[in-house]
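Let me begin by presenting the structure, written as structure tokens, before commenting on it.
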Amino acid sequence: MDFESLHYSLDLAAGKGLTLSSEQRAMLQTSLVILKRNYKFNRVLFWGKILGLKCDYFIAQGVEEDEMNNRKSLYSLDCMDWHLLPPATEAMIADVALAAQGRFTGDPSHEYEHTDMRIKGEGDDATEEEVTVKVNEASRLATTVSNIDKDASVVPRGAFTKSPCGKVQTNRSFGGLDPAEAVKLRNYLHFCEPVNLKKKSILEMFHLNPAIDFLDPLSEDVPKGSWCLQLERGGTVCVLRSLLWLGLTFFHVPQTPQHGYIYMGDGLMNLDLPFML
């Protein structure tokens, strides 16, 4: 959610009691202005908070000219001092999945370690070799933010446009979804590189508008039922909650351009989801 409308947006997304204290809100409003100026971002979004055993991580994202690509993620322990997170590479994601277990500690320098036995060579020359994988918590934090963005970052259909040259930008003419359309899951899209769209045939895509239908809709997620769509505040606000990443909440006010999402949780994927449906 955009930090410039942080107070308003937090109130709309706080239906489950996930919110920030008055002190934290005041510090964020000040520090994110400085962050935007120092890093020369076009926009700064408050992404959310990942709970740790010692300290919590507050996450912000900086947006450049392209709204979807080259986003920079930063973390803070006190809502004032911000530190850049490394980009989540494939190798980093694999190491974190292997070594990091349990809750976040709240210490970015904390190291997770995993030792594994691997077979090296073939046939009679095969030998067992002990391999130790080490990752620090800052890398795990970057990987978790990336994974949540891939699985659960949400925008309403039409809120962003893609130009012929491939640049994704805010749709300034977007006035919000119609109330009748806002209660349909297919009108909410994953704000990341599409996966299912690339597999569709030309016949399946003939009714799509390439300027706004360049993302995967939530209605195609597997397993079905991983999203909870509700109307709150007397039916004036549509709220989506992810059951895969518990703590992620998206809101949209129909017939207005107001929308956003925030994550406040322990940073652990809900692996019990298939048994809950």
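The values are calculated or read from the model by the stated rules, or taken from the named source; none is laboratory data. In this text, all values refer to a predicted model and were calculated from it rather than measured experimentally. Don't worry about glycine lacking a Cβ; one is built from the backbone with ideal geometry, like all the others, and counts go over all protein chains shown. Just the protein is used for accessible areas: all its heavy atoms, side chains included, with ligands, DNA and RNA removed. Shrake-Rupley method; radii C 1.70, N 1.55, O 1.52, S 1.80 Å.
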Q | Counting DSSP beta bridges with both ends in the chain, the antiparallel % (nearest 5) | A | 90
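If each residue of separation counts as 0.36 nm, what is the full-extension length gain between LEU231 and THR89 once their alpha-carbon separation is subtracted? Don't skip to the answer; put the middle values down first.
Numbers: separation 142, 0.36 × 142 = 51.12 nm, distance 3.76 nm.
Additional length available on full extension: 47.4 nm.
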Q. Along the positive direction of the dipole of the chain (beta-carbon charges: Lys, Arg +1; Asp, Glu -1; about the Cα centre), which of LEU208, CYS79, ASN147 reaches farthest?
A. LEU208
Q.
With a 1.4 Å probe and all protein chains kept in place, how much accessible area does THR89 have, in Å² rounded to the nearest 10?
A. 70
Q: Treating each Cα of segment 190-251 as an identical point scatterer and ignoring solvent, apply the Debye formula and state log10 I(q)/I(0) at q = 0.14 Å⁻¹.
A: -0.53
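For segment 117-217, which chymotrypsin sites (Phe, Trp or Tyr not before Pro) pass both filters: DSSP loop (anything but H, G, I, E, B) and at most 14 other C-beta atoms within 10 Å?
Numbers: sites: PHE160, PHE174, TYR188, PHE191, PHE206, PHE214; in loops: PHE174, PHE191, PHE206, PHE214.
Those satisfying the criteria are PHE206.
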Q | Integer Hz, Karplus 6.51/-1.76/1.60 couplings in order for segment 206-215, x for Gly and Pro | A | 5, 8, 8, 9, x, 6, 10, 9, 10, 10
**Q.** GNM result for the chain, Cα springs below 10 Å: residue of ASN147, ASN209, ASN70 fluctuating most strongly
**A.** ASN209
Q.
If I model segment 1-142 as equal point scatterers sitting on the Cα atoms and use the Debye formula, what is log10 I(q)/I(0) at q = 0.14 Å⁻¹?
A. -0.74
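Could you tell me which trypsin sites (Lys or Arg not before Pro) in segment 211-277 are loop residues by DSSP with no more than 13 other beta carbons within 10 angstrom of their beta carbon?
On the way: sites: LYS224, ARG233, ARG241; in loops: LYS224, ARG233.
Here the trypsin sites (Lys or Arg not before Pro) that fit, given the DSSP loop and packing criteria, are LYS224, ARG233.
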(Q) Let me confirm the definition first: pairs of Lys residues in segment 1-156, 8 or more apart or on different chains, C-alpha distance under 29 Å. How many are there? (A) 21
Q: Could you work out the relative contact order of the chain, using alpha carbon pairs under 8 angstrom and six or more residues apart, expressed as a whole percent?
A: 17
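Using 0.36 nm per residue of separation minus the Cα-Cα distance, give me the extension gain between GLU23 and VAL195 in nm, one decimal.
Working: separation 172, 0.36 × 172 = 61.92 nm, distance 4.06 nm.
Separation in residues times 0.36 nm, less the Cα-Cα distance, equals 57.9 nm.
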(Q) Between segment 161-230 and segment 1-52, what is the separation of their alpha carbon centroids in Å? (A) 26
Q) Where is the GNM fluctuation largest for the chain (alpha-carbon springs, 10 angstrom cutoff): ARG140, ARG157, ARG172? A) ARG172
**Q.** Ratio Rg/Rh [Cα only; Rh per Kirkwood] for segment 54-203
**A.** 1.10
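Quick one: work out Rg over Rh on the C-alpha atoms of the chain, Rh as Kirkwood radius. Could you put the intermediate results ahead of the total?
On the way: Rg = 20.3 Å, Rh = 20.3 Å.
Reported Rg/Rh, Kirkwood definition of Rh: 1.00.
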(Q) I'd like the Karplus ³J(HN,Hα) series for segment 263-277: coefficients 6.51, -1.76, 1.60, θ = phi - 60°, whole numbers in Hz, and an x wherever there's a Gly or Pro. (A) 10, 9, x, 8, x, 10, 5, 7, 6, 8, 3, x, 8, 8, 8
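Quick check on the chain: helices-only [θ] at 222 nm, where DSSP H runs of length 4 and up contribute -39,500 (n - 2.57) each and the sum goes over total residues. Nearest 500, please. Show your work: numbers first, answer last.
Values: 6 runs with 60 residues, N = 277.
So the helix-based figure for the chain works out to -6500 deg cm²/dmol.
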